[in-house]
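What follows is one structure encoded as structure tokens, with my remarks underneath.
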Amino acid sequence: MNLHGPSLGIGAGIAAVAIFVTFLAFDNITDEKELVLEQAENIQPTPQRIGLDVFTENGSPYLGDPNAPITLVEFGDYQCFFCNKYFHETEHNILSNYVETGKVKIIFKDFTIIGPDSIIAANAAHCADEQGKFWEYHDILYNNWAGENNGWASYDNQLSFAQDVGLNIDEFSECVKNEKYAAIITDSTSDARSLGLTGTPAFFVIGTDDQITKIPGAQPYDVFKRVFDSELEK
């Protein structure tokens, strides 16, 4: 199996939660680029200032209660080995313990860096969202993951996945063929790069006080639990 370098590196090579970024403050900065949240229209070039829209726009609908106090943002690629590993080994525990209990909501954002089929799959998921089934489609993509750049995420297979989740195939097919969401996918990938990301998956936890915690790679469930519980105790 050939694995894409950035997805392999970030998925396996980092063992700890990375950085805390405080809303409009500089207290908890590491040697990575400063990220300071403020309103998008007031973004300044120095230090690097990141609007909250970088995390919340150009992505999926919320999974979970929109009023949940914590937001988990995932930047992923549907062909990514470690994104698939996170989906199968970690995400289900997060859903049952935090999302279904109203504590956390999730946004998925595209960071399509592995190959052309990554863009096809991402566009298909957005097309499924037109019929209210983004997350069902997201799940079926990872449940059919079969490697990187080997054809499993091709256009023809997207039609089969669409049938499996009960989509209107004519509407879905037209949307996919027209690459309707290419601009959103490009913008989401640009958002990832503006945050300094180089591989997938990468996660950001937006806490109750707008503090941002970056979790790089497919970390085990306990890492996410520790961050969520810390935020919920505030």
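In sequence order, segment 180-192 has phi-based couplings of 4, 10, 4, 5, 5, 5, 4, 5, 5, 5, 5, 4, 4 Hz under the Karplus curve 6.51 cos²θ - 1.76 cosθ + 1.60, θ = phi - 60°, and Gly or Pro positions carry x. When the listed pairs Lys109/Lys177; Lys103/Lys180; Lys180/Lys225; Lys177/Lys214 are checked against a 31 Å cut-off, the alpha-carbon distance exceeds it for Lys103/Lys180; Lys180/Lys225; Lys177/Lys214.
Net charge near Glu174, counting Lys/Arg +1 and Asp/Glu -1 over other residues with Cβ under 15 Å of its Cβ? My count for the surroundings of Glu174 gives -3.
With the simple spin-label model, which puts each label point 7 Å out from Cα in the Cβ direction, the Asn144 to His92 separation comes to 2.0 nm. For His126, His88, which order do you get if you count the other beta carbons within 10 Å of each Cβ and list the fewest first? Least crowded to most crowded, the residues run His88, His126. Here the Karplus relation 6.51 cos²θ - 1.76 cosθ + 1.60, evaluated at θ = phi - 60°, turns the backbone of segment 58-65 into coupling constants of 6, x, 7, x, 4, 9, x, 5 Hz, with x for every Gly and Pro. 3J(HN,Hα) couplings calculated from phi for segment 144-157 with the Karplus curve 6.51 cos²θ - 1.76 cosθ + 1.60 (θ = phi - 60°) are, in sequence order, 10, 4, 9, x, 10, 6, 10, x, 5, 9, 5, 4, 4, 6 Hz; Gly and Pro show x.
All of the numbers you see were taken from the coordinates with simple rules; none came from a lab. Note that the structure is predicted; figures quoted are calculated from it, not measured. All Cβ positions, even for glycine, are placed from backbone atoms using ideal geometry, and neighbour counts span all protein chains on display.
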